[in-house]
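Please read the structure below before turning to the comments.
The values are calculated or read from the model by the stated rules, or taken from the named source; none is laboratory data. Worth saying up front: this structure is predicted, and the values here are computed from it rather than measured. Every residue, glycine among them, receives a Cβ derived from its backbone with ideal geometry; neighbour counts consider all protein chains shown. All accessible areas refer to the heavy atoms of the entire protein, side chains included, with ligands and DNA or RNA removed. Shrake-Rupley method; radii C 1.70, N 1.55, O 1.52, S 1.80 Å.
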Amino acid sequence: MSHCALDTPLRIHWYLCPGHDPLPLSDLRSIARRCTEAGVYHLLLDGTPLAISGIDGILSILHQGGCRLSLMTRGTPPELDALAGIAEHSPQLWLDADGLVAPASTDLSSLDPALNHLRAAGFEAGISLPLFRDRLTLLGPLLLWAGARRAGSFKLPNIPLDARVCGPHERALCGPGDLDRLRDLLGPDALQAASGLRLQIHDLFLWELLGRPGSRHAEYGGCQGANALAYIDARGQVHACSSWPGVLGTLPDASLQGIWSGEGRRKLLGLIASRPQECEGCAAYARCRGGCRGLAVHFCSQDAKDLWCSGPR
């Protein structure tokens, strides 16, 4: 693995999807080099990266530079055609349930062919579902499906501030009442299925609902934006994480090291370290530290608590 040139080991979430104002392939390759120059140790390619023409060259740069790779996929024919050229890069694959199941639906019939095609190509895939309000009824059936198919890993990722939230087809985010609703929707069978999966859940409230609190990794303690996390959008703009508003800099025009050492990030770290006023007196603050600060800042204020939170405990 390459030497980390940053002040903290960094996991990057990079959105790549044809048709979303994509950058030229030369710029994408340059961004990949910027990441390896900085010693990024893990990179998740979100969207439909396998549908990008020339993705094998991008993955080769990242793999040779020492990056551990994860890729999101919907198992479409163009993506499946690209699988043969990426096996040498040893990526972790995630099946995008949100992209395969229609909004507000619990019909999982499209997932089996996609998973079977990936397995036939020699790849196992975890399951990923960003938990918008229209996906609450899907979570229980999806956990049961993942457990029955021995999917292994299950991810509830951060909610990205992209067109899915801020565009013309924006979707409702969850709040405190939705956590209570989800608790009622998840029966004992779904919770049992969750206990047999390797869960990746950043949000403390969802982790407590589905996970084993005693085994929660330290890296998920509070907001990790601009610290252990960063996000690169489809235009090469660097954000503190996928859930944070504002841009810290743009790749490949600048180096990632330069962006990461800039004044914008230093100010952001100070904001994240401050206790939101709505968290005053909360006994859980030492573990939660305000939860997801990015969504709270974007939709409420910098003094707001996590959107899932019903109030001080």
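Figures for the structure shown
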quantity: Inter-label distance, nm, simple model (7 Å from Cα along the C-beta direction), Ala286/Arg198; calculated: 3.1 nm
quantity: Residue among Ala284, Ala38, Ala296 with the largest mean-square fluctuation in a Gaussian network model of the chain, springs linking Cα atoms under 10 Å; calculated: Ala284
quantity: Spin-label proximity, Ser261 to the stretch 7-41 - amide N less than 14 Å from point 7 Å beyond Cα toward beta carbon; calculated: 7-8, 38-39
quantity: Taking the chain and dividing mean pair separation by its residue count, relative contact order in percent (alpha carbons under 8 Å, at least six apart); calculated: 16 percent
quantity: Per residue solvent-accessible surface (Å²) - the chain, probe of 1.4 Å; calculated: 43 Å²
quantity: At R0 = 45 Å, FRET efficiency that the Cβ-Cβ distance of Ala121 and Ser310 yields, to 0.05; calculated: 0.50
quantity: Globularity index of the chain, i.e. its alpha-carbon radius of gyration over 2.2 N^0.38 Å; calculated: 0.97
quantity: Square roots of five times the Cα gyration tensor eigenvalues for the stretch 1-118, Å; calculated: 27, 15, 14
quantity: The chain, accessible surface, carbon-and-sulfur percent (1.4 angstrom probe); calculated: 51 percent
